[in-house]
Structure formats: structure tokens, C-alpha cells
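Let me begin by presenting the structure, written as C-alpha cells, before commenting on it.
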Amino acid sequence: MTEPVDEPRADEPPPGKLRLSLSMIGFAAVGLVIPAIAIAIAYRSCVGATVRAQVAITGDGIAWTARPQGCAAEADGRTVTLSVESQTPMRVTLDPIDGPRVELSPPDQRVITLIPATCPGLSVLMRVDGKRDDGSAILAGSATARCPVPAGHPWTGAMIEIDAWWKGCRLPEP
């Protein structure tokens, strides 16, 4: 008498072949995607700062715009400089006693200093986002303003608009 031979079912792969189910494919995809996301986040946090900013002064024949793309924290731990290439058009300070202050440096002009008394629309938020090994602060924050250039400046009466956001600004390497 012969023993019955098990015939493979139609929905099973032939012997020696692996059958991939949707759940196996899903687990494999998740197993690859999660480490890739973690690596991207770690890389981004180590690479440096993120800056999204625009500064504009417009008025009678005046049209100055800057789009800072870099930033650095100053040693006081409460000031950030926003830069475009080698120029520093904006310096933002959040002093615990004097409050917010923004200094704008248009080329070939005097510095324009904004404080709440001269620019009621000035808003500065700043926080310590971490510490470096040397103990210096890594800063994140934002600044917004819409007001006229304060009296006493050659551009008095022109309109200032600031919309800036930064993260990961640190003391420059020596």
C-alpha cells in the first residue's frame, strides 16, 4: 500500500519557496523606515541651526530687504545674531531686565534699534534649547515687528517689518 502524498494547496508556494504576506512586507518596511527617520533626525540636530527670516524697511525711496540664513548665539546666552553670508543685518536680544531689543544694520546706514517703547509691535521670544559641552547655550526663538523707523534716524518714517524664526543657534567655534 502506498502512502498518500500531500499535494500543495493552490494558495501555498512550491516547496523551498518563501511566501511573503502583506504583514511580512509591512514589518520589513517599518523596520527600514524607523531607523532612517531616526538617523535623519539625529543628523539634523547635529548639523546646526535653522533660520527662517525676512527683514524689510520700505518707505519714500527706501527699499532694504534681508533674508538671514545663518545665526549664532552670543556668550551672554540671551542674544542671537542673524546673518546673510558675512553680513549681520539683525541682532536680537531678550534681556531679563530691559526686555526685548532688535538692532538692524542696513548697509551704509546707522544701526536702527527697536525696543517696545519705540516699536509697540515688537515681539521677541527666546529660550535655551540645549547646552553645548562647554556649557554655552543653544538658543531658539522668534522675533516679529511692524512699526515705523524711530525718530532721529535718516530713514525716520519708513516702515519696518520683521518676521524671523531660529533654532539651534550656538556660540561660534573658536
message = I need the full set of residues from the range 137-174 which are among the β-branched types (Val, Ile, Thr) and either under 16 Å from the mean Cα position of the chain (by Cα) or outside any strand (DSSP E or B) (or both), in order please.
response = Ile138, Thr144, Val149, Thr156, Ile162
key: Residue that is farthest from Asp133 (Cα to Cα), among those in the range 73-89 that are hydrophobic (A, V, I, L, M, F, W, C) and surrounded by fewer than 17 Cβ atoms within 10 Å (Cβ to Cβ)   = Val84
ask   = Is it fair to say Glu173 is within 15 Å of Thr65 (Cα to Cα), out of contact with any Ser or Thr (no Cβ under 7 Å at 6 or more places or on another chain) and loosely packed, with under 14 Cβ neighbours inside 10 Å?
value = no
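Evaluate the following for Cys169: is it touching a Gly at 6+ places or on another chain (Cβ under 6 Å) and in contact (Cβ under 8 Å) with a residue 24 or more places away in the chain?
Values: touching a Gly at 6+ places or on another chain (Cβ under 6 Å): no; in contact (Cβ under 8 Å) with a residue 24 or more places away in the chain: yes.
Answer is no for this residue.
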key: Selected residue (only one of Thr81, Thr118, Thr58 is in contact with a strand residue (DSSP E or B) (Cβ under 8 Å, 6 or more places away or on another chain) and in a loop (DSSP other than H, G, I, E, B))   = Thr118
inquiry  = Quick check on this structure: which one of Ala151, Ala143, Ala137, Ala164 is in the same structural domain as Thr79 (by TED's automatic domain parsing), hydrophobic (A, V, I, L, M, F, W, C) and out of contact with any strand residue (DSSP E or B) (no Cβ under 7 Å at 6 or more places or on another chain)?
reply    = Ala151
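Looking at Asp108, Asp134, Asp129, which is the one that is within 20 Å of Glu173 (Cα to Cα) and in a loop (DSSP other than H, G, I, E, B)?
Values: Asp108 fails: within 20 Å of Glu173 (Cα to Cα); Asp129 fails: in a loop (DSSP other than H, G, I, E, B).
Answer to the selection: Asp134.
The values are calculated or read from the model by the stated rules, or taken from the named source; none is laboratory data. A quick note: this is a predicted structure, and the numbers were derived from the prediction, not measured. Here the Cβ is made from the backbone with ideal geometry for all residues, glycine too, and neighbour counts use every protein chain on show.
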